[in-house]
1. Restricting attention to region 23-49, report how many residues are under 12 Å from T78 (Cβ atoms), outside any loop (DSSP other than H, G, I, E, B) and among the small types (G, A, S).
2. Quick check on region 50-60. Is at least one of its residues over 16 Å from G7 (Cβ atoms), of a type outside the set (G, A, S) and under 17 Å from the mean Cα position of the chain (by Cα)?
3. Out of V52, V20, report the one residue that is in a helix (DSSP H, G or I) and either on the phi > 0 side of the Ramachandran plot or touching a residue at least 24 places away in the same chain (Cβ under 8 Å) (or both).
4. Somewhere in region 24-43, is a residue more than 19 Å from S5 (Cα to Cα), at pLDDT below 95, hydroxyl-bearing (S, T, Y) and surrounded by fewer than 14 Cβ atoms within 10 Å (Cβ to Cβ)?
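The values are calculated or read from the model by the stated rules, or taken from the named source; none is laboratory data. Worth saying up front: this structure is predicted, and the values here are computed from it rather than measured. Glycine also receives a Cβ, built like all others from the backbone with ideal geometry; neighbour counts cover every protein chain displayed.
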Amino acid sequence: MTNKSLGIMTREKIVRYAGVAQDFNPIHYDDEFARKAGLPSAIAHGPLTVLVALDALIAEGVVGSAGVVTTRLKAPVTPGQELSLRMKEGGAFDVLAGETEALTGTVSSGKSGE
């Protein structure tokens with residue numbers, strides 16, 4: 001099992017992603033609104049968390065041009081949290097937000113039986 005730091009999930013990253021995705025739901029930028037919705041604070045978009053993981057997997061050479069990645073979001077990521085990628089055996093991985101497992105996934109070649 002290996003861990004790789006993915007850096008801090010900043011509010012700036014979240015706002016930039018919101019602009020690209022045209023997703024301006026206030027849970028992603030307004031702490032008070034997010035708390036009223038039952039969240040700890042504003043949260044990163046789920047697809048942004050997935051993209052951060054994919055970027056790291058590609059940079060590490062884990063995902064090739066024919067790779068298949070499946071993911072499952074497990075917990076929200078909030079601004080200021082340190083993200084890390086944890087590789088496991090058999091193509092499994094997860095992304096930790098601090099000590100919390102925020103995303104789990106697997107990488108396979110996409111070939112039958114893998």
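1. 1
2. Checked region 50-60: no residue is over 16 Å from G7 (Cβ atoms), of a type outside the set (G, A, S) and under 17 Å from the mean Cα position of the chain (by Cα).
3. V52
4. no
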